[in-house]
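So the structure is just underneath, and the comments pick up after that.
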Amino acid sequence: MPKEMNIDKTKPVMVTGATGYVAGWLVKKLLEDGLTVHAAVRNPDKKEKTQHLDAIAKNSPGTIKYFRSDLLELGSYAAAMEGCEVVFHTASPFSNIVKDPQKELIEPAVKGTRNVLEQANKTTSVKRIVLTSSCAAIYSDATDLEHTPNGMFTEEVWNTTASLDYQPYSYSKTLAEKEAWSIAGEQSNWDLVVINPSFVMGPFLNPESTTSESFRILEKMGNGALKTGAPKIGMGVIDVRDLAIAHYRAGFNPEAEGRNIISAHNTDMLELARILHKEYGDKYPIPNKAIPKWLLWLVGPMVDKAITRRFVSHNVNHEWKADNSKSKERLGMTYRPLEETMVDSFEVLVKNEIVKPSK
Ligand code: NAP
């Protein structure tokens with residue numbers, strides 16, 4: 001059994017990958033709650049990666065301190081973790097465009113998780129670790145639903161279809177989460193709570209230097225890249241602000257445990273585009289119709305390496321359904337409407353002139 005879950009909020013908390021899209025909103029929430037955040041980042045000198053966090057800290061009761069840490073550098077989380085009772089491990093590369101999936105995705109995800117969790121084994125203050133996994137550790141394709149007990153993705157389901165060659169990002173998240181459960185099971189000083197978000201949308205705190213795939217997908221919806229039509233890919237969506245609340249409660253709520261699907265809406269990419277089209281379609285080249293499945297199957301692989309024929313066959317025009325009831329019961333989650341999430345996200349791209357109006 002882990003130590004008594006009684007977190008002292010005067011002690012610092014550590015956030016790995018604090019420069020990231022998802023982590024940014026969590027750091028904001030922690031700072032607004034007056035906590036001291038140990039932000040473990042690859043390069044604290046890159047001001048363009050941290051200035052949004054500094055601005056938030058300036059206007060919050062909390063304090064942020066930066067530490068230089070890399071997922072692949074053993075021991076590099078020691079200083080950041082010192083004295084922390086809660087560790088939020090969010091850092092992991094999220095990209096669908098990679099040349100060498102083993103080096104660029106699997107190694108940082110798995111070795112990084114081992115690096116952080118084994119450091120916790122050496123840091124006596126740590127009581128709880130919250131790991132940002134993903135629904136990608138539950139499924140690769142919407143058609144994986146056919147093999148689930150009630151036609152729903154639940155916390156019981158594991159991804160068995162991803163591999164180094166197919167959906168390597170999902171594979172990296174699956175292997176990393178399994179590694180985390182294995183390390184957690186071998187000790188009794190801290191407990192592990194896993195957050196499994198679906199596709200994250202919502203405002204970008206640092207749109208100019210984000211690396212998240214979430215940003216790239218939203219940008220494509222607004223810059224004309226999908227003007228032939230949006231693929232009707234079944235997926236779940238969670239607002240980044242709601243996801244920050246889920247992480248926060250997973251860190252401090254004694255009842256939090258196990259895996260937790262954090263997903264507000266069972267939807268598809270065409271529906272996301274149509275919400276944006278309704279609001280912005282008169283000015284921006286946002287698709288309002290579906291690209292035919294046969295066309296995407298035929299030409300998709302030629303325009304985007306991530307769109308394989310297998311992926312199109314197994315995801316386009318297939319419904320996606322996840323059960324988020326545990327998140328409501330255990331973490332008290334309520335979710336904002338999809339329209340609010342999509343409009344608030346796109347507004348950031350408009351304000352920063354990342355998308356340009358059609359001529
Ligand atoms: P992101 O903005 O690209 O954040 C990734 C973070 O990981 C960045 O802070 C990055 O640091 C850090 N990182 C990458 N490689 C690293 C390394 N070798 N050493 C140290 N840090 C490293 O992406 P995100 O969307 O916020 O993703 C954050 C987490 O949420 C990931 O675990 C991802 O799998 C998970 N997730 C995301 C989604 C989604 O739809 N966005 C859905 C489910 C789960 P730099 O800033 O230095 O690059």
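The values are calculated or read from the model by the stated rules, or taken from the named source; none is laboratory data. Quick caveat, the model's predicted, so the values are computed rather than measured. Every residue, glycine as well, gets a Cβ built from its backbone with ideal geometry; the counts of neighbours run over all protein chains shown.
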| request: Give just the number: which of (1) farther than 17 Å from G258 by Cα; (2) in contact with a Lys or Arg (Cβ under 8 Å, 6 or more places away or on another chain); (3) within 16 Å of the ligand (Cβ to nearest atom) does S134 not satisfy? | output: (1)
| note | the stretch 183-268: strands (runs of 3 or more DSSP E) wholly inside it with 2 or more residues that are over 14 Å from the mean Cα position of the chain (by Cα), of a type in the set (A, V, I, L, M) and at pLDDT below 95 are none
| Mind checking which pairs have a first residue in the stretch 150-175 that is part of a helix (DSSP H, G or I) and a second that is hydrophobic (A, V, I, L, M, F, W, C) and surrounded by fewer than 16 Cβ atoms within 10 Å (Cβ to Cβ), Cβ under 8 Å, 6 or more apart or different chains? | Y171/L164; T174/W158
| query | Do you know which of the residues in the stretch 325-339 that are assigned to a helix (DSSP H, G or I) and among the small types (G, A, S) is farthest from R259 (Cα to Cα)? | reply | S325
| query | Identify, please: which residue in the stretch 124-153 is over 22 Å from E82 (Cβ atoms) and hydroxyl-bearing (S, T, Y) and is, among those, surrounded by the most Cβ atoms within 10 Å (Cβ to Cβ)? | reply | Y139
| note | Just one listed residue, out of T160, T143, T123, is at pLDDT 95 or above, away from the ligand (no atom under 16 Å from the Cβ) and within 15 Å of K321 (Cα to Cα), and it is T143
| task | Report whether or not R336 is over 21 Å from the mean Cα position of the chain (by Cα) and more than 18 Å from D268 (Cβ to Cβ). | result | no
| Qualifying positions in the stretch 22-38 - outside any loop (DSSP other than H, G, I, E, B) and either modelled with pLDDT under 95 or under 17 Å from M81 (Cβ atoms) (or both) | A23, L26, V27, L30, T36, V37, H38
| message | Testing F199 on (1) among the aromatic types (F, W, Y); (2) surrounded by 24 or more Cβ atoms within 10 Å (Cβ to Cβ); (3) touching a strand residue (DSSP E or B) at 6+ places or on another chain (Cβ under 7 Å), one condition comes back false. Which one is that? | response | (2)
| note | S358: passes all of (1) part of a loop (DSSP other than H, G, I, E, B); (2) farther than 23 Å from F215 by Cα; (3) of a type in the set (G, A, S) but (2)
| message | Can you pull out every residue in the stretch 39-51 that is touching a Gly at 6+ places or on another chain (Cβ under 8 Å) and either assigned to a helix (DSSP H, G or I) or more than 19 Å from P207 (Cα to Cα) (or both)? | response | A40
| message | What pairs come out if I take residues in the stretch 90-105 that are without any contact (Cβ under 8 Å) to a residue 24 or more places away in the chain and farther than 13 Å from Y171 by Cβ and pair them with residues that are within 11 Å of the ligand (Cβ to nearest atom) and not in a helix (DSSP H, G or I) whose C-beta lies under 6 Å away, six or more apart or interchain? | response | none
| query | Being part of a helix (DSSP H, G or I), out of contact with any Phe, Trp or Tyr (no Cβ under 7 Å at 6 or more places or on another chain) and either of a type in the set (K, R) or at pLDDT 95 or above (or both), is that true of even one residue in the stretch 299-309? | reply | no
| task | Considering only the stretch 57-73, state which residues are of a type outside the set (D, E, K, R), within 12 Å of the ligand (Cβ to nearest atom) and in a loop (DSSP other than H, G, I, E, B). | result | S69, L71, L72
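Here is a yes/no grid of residues against (1) closer than 24 Å to F199 by Cβ; (2) crowded, with 22+ Cβ neighbours inside 10 Å; (3) among the small types (G, A, S); (4) more than 8 Å from the ligand (Cβ to nearest atom):
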| residue | (1), (2), (3), (4) |
| --- | --- |
| T10 | no, no, no, yes |
| A18 | yes, yes, yes, no |
| V22 | yes, yes, no, no |
| L35 | no, yes, no, yes |
| A55 | no, no, yes, yes |
| F88 | yes, yes, no, yes |
| E104 | yes, no, no, yes |
| said: within 11 Å of the ligand (Cβ to nearest atom), touching a helix residue (DSSP H, G or I) at 6+ places or on another chain (Cβ under 9 Å) and under 17 Å from A290 (Cα atoms): is that true of M235 in this structure? | reply: yes
| query | Does the stretch 109-124 contain at least one residue that is closer than 28 Å to V312 by Cα and touching a residue at least 40 places away in the same chain (Cβ under 8 Å)? | reply | yes
| remark: Out of (1) more than 11 Å from the ligand (Cβ to nearest atom); (2) in contact (Cβ under 8 Å) with a residue 60 or more places away in the chain, the one Y77 does not meet is (1)
